[in-house]
1. Placing +1 at every Lys and Arg Cβ and -1 at every Asp and Glu Cβ, with all other atoms neutral, what dipole size does region 117-258 have around its Cα centre, in debye to the nearest 20?
2. Per residue of region 349-365, in order, report the coupling 6.51 cos²θ - 1.76 cosθ + 1.60 (Karplus, θ = phi - 60°) as ³J(HN,Hα) in whole Hz, putting x for Gly and Pro.
3. Using amide H atoms built in the peptide plane, which far-off residues or other-chain residues are under 5 Å from residue 162 H to H?
4. Hey, which lysines would be in cross-link range of residue 87, C-alpha to C-alpha under 26 Å, not counting anything within fewer than 8 residues on its own chain?
5. Run lengths n ≥ 4 of DSSP H only: what is the helix-derived mean residue ellipticity at 222 nm for the chain, with -39500 (n - 2.57) per run over all residues, to the nearest 500?
6. Can you tell me how much longer the chain between residue 86 and residue 203 gets when fully stretched, taken as 0.36 nm per residue apart minus their C-alpha distance, in nm with one decimal?
7. List the residues, sorted by chain then number, that are 5 or more residues from residue 123 or on another chain and whose placed amide H is less than 5 Å from its amide H.
8. How large is ³J(HN,Hα), in whole Hz, for each residue of region 159-173 in order, when computed from phi with the Karplus curve 6.51 cos²θ - 1.76 cosθ + 1.60 and θ = phi - 60°, using x for Gly and Pro?
Amino acid sequence: ERLRVELGARGYDILVGPGLLATAGKHIAPVLRHERVFIITDETVARLHLEALERALREAGIAYEALVLPAGEQAKSFEHLERLTDKLLAFRIERRDALIALGGGVIGDLAGFAAAITLRGVDFVQIPTTLLAQVDSSVGGKTGINSAHGKNLIGAFHQPRLVLADTEVLDTLPRRELLAGYAEVVKYGCIDDAEFFSWLETRGLDAIEGDPAARRHAIVTSCRRKAAVVARDETESSGARALLNLGHTFGHALEAECKYGGELLHGEAVAIGMVMAADLSVELGLCPSEDAARIRNHLAAVGLPTGFEHMPGRVWSPARLLDHMSRDKKVQDGRVTFVLLRGIGQAFVSHEVDPAAVEALLTNAIAA
Ligand code: NAD
Ligand code: ZN
């Protein structure tokens, strides 16, 4: 399946399907300006999938170097960025060369940022290998690293030239990572596609379990939603892109409170955050409680966390969570942005939520 991100001269294709890694060279060659590429990947993905990509590039006659980073969020740092750009320059990378990000969102964000700043910008191709990266982070051109002051605070918009989402590479992904990515899939249904949400209620588990047709439909539909939003609002200036933050205001606060440790994956935090956003919408009299219940029930049915009981050992403080929210990048004039629901498929952005209502909701949810 071939989708297009419509961004004029910066537009690009997203290919979704099985076996794309093995034929990557053929797809990449036409978008390259010079036939040397640098594969950026992590140790885990290198062990599982690097050889297949190298073979595909050799078959297409594309010269490459592979640069392997440690796996995990800590790779999104100044330290690893510097090491990576130093290596690229030591290999005498040229303007017309390209990077290939082979990995999850961490590798995509880091390699994309390295591509944005090395020689003031070289091309890059995304080959996302996690469900989260396939349905979310590989599309849209947000790249960057973390700072001591917070996640993703240093970065650039730099669109890839191509996205290759091979649905088969997900077969090696741990189930917990797969489920975390699935939370973002559910998000698209909640935002503006009630029909997709209904489909997920019946076929979502099949998509997770690896039914090829179901998995592909879930990924293609998600990429289509993301591509449409990015085309309307490339740099998050008009507000359309802000809808993609459904569940993320709460989710980021939970992640920050857990210090981004392995206790809570991003997608797990987003699952809990979507339930909170739906519950808040019900509390504010905006959303039918049946819709909030459907979201919670579906997330729980596939095995995602939906509330604070997921982390029984931890003591939560509503005030601290609110404090994390007020430090979010999206805060404007001190107002926290929330994505609320009028129902499933009817999300909207609000800057008007009374912090007292949020605090009451958090207090109840923590006590439950
Ligand atoms: P990740 O890149 O850390 O990957 C998760 C783990 O899975 C890693 O240990 C990795 O080595 C392993 N892995 C990757 N592919 C595998 C495979 N096919 N088989 C087995 N193991 C595999 O995490 P992620 O969830 O993909 O991405 C999270 C990052 O994405 C965060 O840093 C987040 O900020 C970023 N993000 C960016 C955007 C964006 O728009 N740029 C959007 C959402 C998230
Ligand atoms: Zn997310």
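The values are calculated or read from the model by the stated rules, or taken from the named source; none is laboratory data. Just so it is clear, the model here is predicted, and its values are computed rather than measured. Every residue, glycine among them, receives a Cβ derived from its backbone with ideal geometry; neighbour counts consider all protein chains shown. Calculation scope for accessible area: heavy atoms of the full protein, side chains included, ligands and nucleic acids excluded. Shrake-Rupley method; radii C 1.70, N 1.55, O 1.52, S 1.80 Å.
1. Numbers: 15 positive and 19 negative charges, 81 e Å.
Using only the charged Cβ atoms, the result is roughly 380 debye.
2. Calculated HN-Hα couplings, in order: 9, 10, 10, 9, 6, 6, x, 5, 5, 5, 5, 5, 4, 4, 4, 5, 5 Hz.
3. 126
4. Output for residue 87: 76, 142, 151.
5. Values: 12 runs with 159 residues, N = 368.
Value at 222 nm, helices only: -14000 deg cm²/dmol.
6. Values: separation 117, 0.36 × 117 = 42.12 nm, distance 4.61 nm.
Gain in length upon complete extension: 37.5 nm.
7. 99
8. 6, x, 8, 6, 10, 10, 9, 7, 5, 6, 5, 6, 4, 8, 7
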